[in-house]
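The values are calculated or read from the model by the stated rules, or taken from the named source; none is laboratory data. Note that the structure is a prediction, hence the values are computed from the model and not measured. FYI the Cβ positions are ideal-geometry reconstructions off the backbone, even for glycines, and counts take in every protein chain you see. Accessible surface areas use protein heavy atoms only, side chains included; no ligands, DNA or RNA. Shrake-Rupley method; radii C 1.70, N 1.55, O 1.52, S 1.80 Å.
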Amino acid sequence: HSSSQNILITFTIIFLASSLLPSYSAITETDQRRPFKKIYAFGDSFTDTGNTESLTGPNGFVRVSNPPYGTTFFHHPTNRYSDGRLVIDFVAQSLSLPFLPPYRNSKANRTYGVNFAVAGSTAINHAFFVKNNLSLDITPESIQTQMMWFDKYLESEGCKDPESDQCKEAFDDALFWVGEIGVNDYAYTIGSTVSGDTIRKLAINTFTEFLQGLLKKGAKYVVVEALPTTGCLPLAMTLAPSDDRDDIGCVKSVNNQTNAHNLVLQSKVSDLRQQFPQAIIVYADYWNAYRTVMQSPEKYGFKESLKACCGTGEPYNFEVFNTCGNPSVTACSNPAQYINWDGVHLTEAMYKVVADMFIDGNLCNPPFKTLLERKLRQP
């Protein structure tokens, strides 16, 4: 019925993200202590550190270049869809590496890696949405675009023959962080005749091909993020009927859809482990990380688990056509007490909790520590 369709219209609006600043995190004499020399990141707005600006972002969240984005940590907008750092920023810091520059910033220093994630990006190729007349105001980039960018980057590094020193240099000490992707695919098809099952099959197939592509090129250390519990986002809560709720008070139909996607994704990841025994492929369980926080928010320092910090409107401080970054919309004074930043994206505080669960907690399989130990044992 149409109300649950609407939910996900504006998951169109959803997974965005971005940053044009150079990285200032400390580069110390800890090169020896760095398990990885560089990180390559992929994904959508939850991972994008600056490939999307207000002018190029998905419709609906078009003001990421305006305050109060970036207010908490950088103290100005960096084209990240948050008040501060994202999971990928905390991952970089935990590995003593600087923040990853966005691929589109060609002047940035790429010594320590590159971020290819794009806000609004899909797993399924853009042509599918065009063919089904679903391409209104949609970001044209997909995970395939990100692979093309990665190939161009490799060429620019002189990596053409996989056996060459340049390619070894590009791959040997690199962590591949594949942020969640696929939420937009469901979002863009809400209210259309394209079924969730179709999206799941196509999205997971193209995503699996993408992962195979990275592994065939020589990626050895890969982290794959699951989709989060998108039914807990104020956007979903605002658009869904109030009787569509699960045990944590979020939108049941949306969380079920996301969970079903993740179950298939997990089985694909175990297939890939069989196909590429030389690689270590970690499944980062974003769904259960978010769920765990929703079950006892106060334990993680959150006072507000469903309302957006930056927004307007009742009951979740979110209005589809009047989002964060609009001059009339203000942010809460205490974003660290909120899980959600702008109705779709999370606060720095929540991204930090999730990053800690991945890096030090038990929500990666195998644990992230296992991947690090394996890396440090390599000659």
So if I restrict to the alpha-carbon atoms in segment 85-132, what is the Rg, and what is Dmax, the biggest pairwise distance, in Å? 14.4, 45
Any idea what diffusion coefficient segment 72-178 gets from Stokes-Einstein, in µm²/s, Kirkwood Rh on alpha carbon pairs, 10 °C, 1.306 mPa s? 100 µm²/s
Cα-only Debye scattering, segment 290-379: base-10 log of I(q)/I(0) at q = 0.10 Å⁻¹: -0.35
Using packing as a proxy for protection, rank 311-324, 292-305 so that the peptide with the highest average count of other Cβ atoms within 10 Å comes first. 311-324, 292-305
Share of accessible surface on carbon and sulfur in segment 104-242, whole %, 1.4 Å probe and ligands ignored, is 48 percent
Note to self: Kirkwood Rh of segment 115-257, Cα pairs, one decimal, Å, is 16.9 Å
Cβ crowding within 10 Å averaged over residues, with 348-355, 150-157 ranked highest first: 348-355, 150-157
So, by mean Cβ neighbours within 10 angstrom, what's the order for 233-241, 124-132, 77-85 with the highest one leading? 77-85, 233-241, 124-132
Would you mind pulling out the separation of the Cα centroids of segment 174-242 and segment 55-134, in Å? 16 Å
Unmatched cysteines, the chain - criterion: no other Cβ of a Cys under 4.7 angstrom: CYS364
The answer for segment 109-203, accessible area per residue at 1.4 Å probe in Å², is 42 Å²
Scattering from the C-alpha atoms of the chain alone, worked out with Debye: what is log10 I(q)/I(0) at q = 0.06, 0.10 1/Å? -0.20, -0.57
Over 20 Å between Cα atoms: which of LYS168/LYS217; LYS299/LYS352; LYS252/LYS307; LYS37/LYS352; LYS307/LYS352 fall into that group? LYS37/LYS352
